[in-house]
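The values are calculated or read from the model by the stated rules, or taken from the named source; none is laboratory data. Since the model is a prediction, treat every value here as computed from it, not as a measurement. Virtual Cβ from ideal backbone geometry, glycine too; neighbours counted across all protein chains shown. In case anyone asks, the SASA skips ligands and DNA or RNA and just uses the protein heavy atoms, side chains included. Shrake-Rupley method; radii C 1.70, N 1.55, O 1.52, S 1.80 Å.
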Amino acid sequence: MVPLDSVYQLQTGREIRLMALGLAANGAAFVIGRGQSGLTEAQIARLDPQTINAFDRGATRNWSPKAARLSDLTLLGTVGVVGLTGLPTLRQKKWFTVPLLYAQTMLLTLGAVDIVKEVSLRNRPFVYHTAAPLSEKMDVDARRAFFSGHAATSFASAVFASTVFGHYFPVSKLKPVVWVGSLGLATTTALLRYEAGKHFPTDLVVGAAVGSAVGWLVPRLHRPRARNKAYSACVTPWTNGLANGIYVQVALP
């Protein structure tokens, strides 16, 4: 199975801008985070699960360090899928294309995650659980629930890997396998974060949505545009004797 050539088109200015945007977002999150502090024991004692919306409230009953450790492994699994799907492209002249695009994807995803975490300061579900250690509840990371970095990163990796594989191997029968396998790992990661008491369902849903969007958008931005083709539109009036209207047809390149 040989990957197609010229699947992606690199432009120096665009690549620099994307990398700079990702680095700037991560840098801004780091600066904001330096001024944050964890909850005090008194603040924790006043927390009431009933103040959480009904959709998310069930997560406050979860606490599992084992599930948290497993979620790290499944997250690494989605990163591994990216490596496996991109491995054949390393034999090409521009072997650095897929690694560069994945680096952009991760920088943009993590930058978005960290900035929102530092600004929102949402308590993690386990903070409401009586079995969770007080030391962990008082850690500043316990206030970084929204939105899930594990979900965002795993779904970004899964969608990126599947999209890239489809672009390089458009007729491969393995495309459904890559999609199902990678998204299955990403979904497992999200579910484990819920069981661990690390995230509310809304944290996971938003994380999955943001990660998927970035994982699809970065490869799509690098697809070469068809030459001698442009966007076109055709507007035609119509009537059937009883009503009048306009028919619009748009052709995309």
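In the complete set of protein chains, residue-level accessible area for Trp179 is approximately 90 Å², probe 1.4 angstrom.
Each Lys and Arg contributes +1 and each Asp and Glu -1, all at the Cβ; summed about the Cα centre of segment 94-234, the dipole is approximately 740 debye. Mean sequence separation of contacting Cα pairs (under 8 Å, at least six apart), scaled by the length of the chain, corresponds to a relative contact order of 28 percent. Computed over segment 100-155, the P(r) tail beyond 12 angstrom holds 66 percent of alpha carbon pairs.
For a 26 Å ceiling on Cα separation, which of these pairs sit above it: Lys66/Lys117; Lys66/Lys175; Lys117/Lys137; Lys173/Lys198; Lys117/Lys175? Beyond 26 Å: Lys66/Lys175; Lys173/Lys198; Lys117/Lys175. Taking label positions 7 Å along the Cα-Cβ direction at both Ala103 and Phe30, the computed distance is 1.6 nm, reported to one decimal.
Fully extended, how many nm does the chain gain between Leu84 and Leu23 (0.36 nm per residue separation, minus their Cα-Cα distance)? Don't skip to the end; give the middle numbers.
Working: separation 61, 0.36 × 61 = 21.96 nm, distance 2.59 nm.
Here the answer is 19.4 nm.
As an exercise, use a Förster radius of 35 Å and the Cβ-Cβ distance of Gln43 and Ala209 to find the FRET efficiency, rounded to the nearest 0.05.
Details: r = 30 Å, r/R0 = 0.87.
Working from the Cβ atoms, E equals 0.70.
Estimated from helices alone, the mean residue ellipticity of the chain at 222 nm is -18500 deg cm²/dmol (sum of -39500 (n - 2.57) over DSSP H runs with n ≥ 4, per residue).
I'd like the projected area of segment 58-116, averaged over all directions, using the convex hull of its alpha carbons. Report it in nm² with one decimal. Can you show the working numbers first?
Details: hull surface 22.3 nm².
Hull-based average projected area comes out at 5.6 nm².
With the convex hull drawn over the C-alpha atoms of the chain, the volume per residue is 193 Å³.
Please state the charge dipole magnitude for the chain, taken about the Cα centre, from unit charges on C-beta atoms (+1 on K and R, -1 on D and E), reported in debye and rounded to the nearest 20.
Working: 26 positive and 13 negative charges, 146 e Å.
Approximately 700 debye in magnitude.
Sorted largest first, the principal axis extents computed over the alpha-carbon atoms of segment 13-147 equal 60, 30, 27 Å.
Using equal-weight Cα scatterers in the Debye expression, the normalised intensity of segment 139-217 in log10 at q = 0.14, 0.16, 0.21 Å⁻¹ is -0.46, -0.57, -0.84.
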